[in-house]
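The next block holds one structure in the form of structure tokens; read it before the comments.
Each value in this text was obtained by applying a stated rule to the coordinates, not by laboratory testing. Everything quoted here is computed from the prediction, not taken from an experiment. Every residue, glycine among them, receives a Cβ derived from its backbone with ideal geometry; neighbour counts consider all protein chains shown.
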Amino acid sequence: MLAIEKLNQFYGESHTLWDLDLEVPAGQCTCVMGRNGVGKTTLLKAVMGEVAVKSGALRYTSAASSGGGEIELTKKAVEARSRLGIGYVPQGRQIFPLLTVEENLRTGLAARSDGLKKIPERVYELFPVLKEMKNRRGGDLSGGQQQQLAIGRALVIEPKLLILDEPGEGIQPNIVAQIGQVIRQLINEDGLTVLLVEQKLPFARKYADRFVIMDRGRPVAKGEISELSNELIKQHLTV
């Protein structure tokens, strides 16, 4: 689904991502982990085109792409990546507080490649609260509801690859669990591929298939989630 090869990224003179290699297999949830400041969010932004990369490749394959072939994302604009079927939920949600829930969801429709103007019913099936509150302003929702709205907005394009940056940050545990269940539902029922940054170990162990631990802009450990040992956690994740 997504192959990242020898990716290098700089902020000014600061070298942030170092020859980074990462495979994101189709139909699975790959969780990127690591201490603060190791380049996790920068990696997601590089995939989405929100930060420029110095060198390397981002090879994306989707049945929705032209001919079902491989596409080099570094040559694509930000909006083009969404139209290729990549949904993105950034850290901090970034919803529009003065727009209603429905209006927020409709902003995602502009990124669809088929021009559909109706919110897919699947979004409301996964997050019924969004239908109940569709006329309420986004800024009036709780943090957990805003996160559901941000994910729903990404799902409006019916993506093949969903990228999530710490979806459980700062929200109540029951909503975190619901988001995890939705991720698994999308993978198991819709064949979605998920690339996730998450700091919460219980969440990662319960809902991810694979893990990648980053340190100083490079992967230092990776494998099946069952291989995420206490030794690796102590060495690379504990503060």
Cut-off 14 Å between beta-carbons: net charge of the residues surrounding A177, Lys and Arg +1, Asp and Glu -1
+3
Where Rh denotes the Kirkwood radius from the mean inverse Cα pair distance, what is Rg over Rh for segment 24-154?
0.98
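What is the sum of charges around D21, taking Lys and Arg as +1, Asp and Glu as -1, for the other residues whose C-beta is under 12 Å from the C-beta of D21?
Values: positive: K6, R59, R218, K222; negative: E5, D19, E23.
Every neighbour counted, the sum reads +1.
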Please compute the contact order of the chain in relative form: average sequence separation of alpha-carbon pairs under 8 Å and at least six residues apart, divided by the residue count, as a percent.
28 percent
Segment 107-239 pair-distance distribution - Cα-Cα, 10 Å bins, rounded %:
11, 39, 32, 15, 4
Once both labels are modelled 7 Å past Cα along the beta-carbon direction, what's the E13-A26 spacing in nm?
4.6 nm
Based on DSSP, what percent of beta bridges with both residues in the chain are antiparallel, to the nearest 5?
55 percent
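What does the charge add up to near T74, with Lys and Arg as +1, Asp and Glu as -1, over the other residues with Cβ less than 12 Å from its Cβ? Working shown, then result.
On the way: positive: K6, K54, R59, K75, K76, R81; negative: E5, E72.
Taking every Cβ under 12 Å from that of T74, the sum is +4.
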Please express the Cα-Cα pair-distance distribution P(r) of segment 162-219 as a list of whole percents, one per 5 Å bin, running from 0 to the bin with the greatest distance.
4, 17, 30, 25, 15, 7, 2, 0
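Are any of the pairs K45/K134; K54/K222; K6/K75; K45/K76 more than 22 Å apart by Cα-Cα distance, and if so, which?
Working: K45/K134 29 Å; K54/K222 24 Å; K6/K75 16 Å; K45/K76 13 Å.
Correct reply: K45/K134; K54/K222.
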Round to a whole angstrom and tell me the spacing of the C-alpha centers of segment 33-54 and segment 175-239.
16 Å
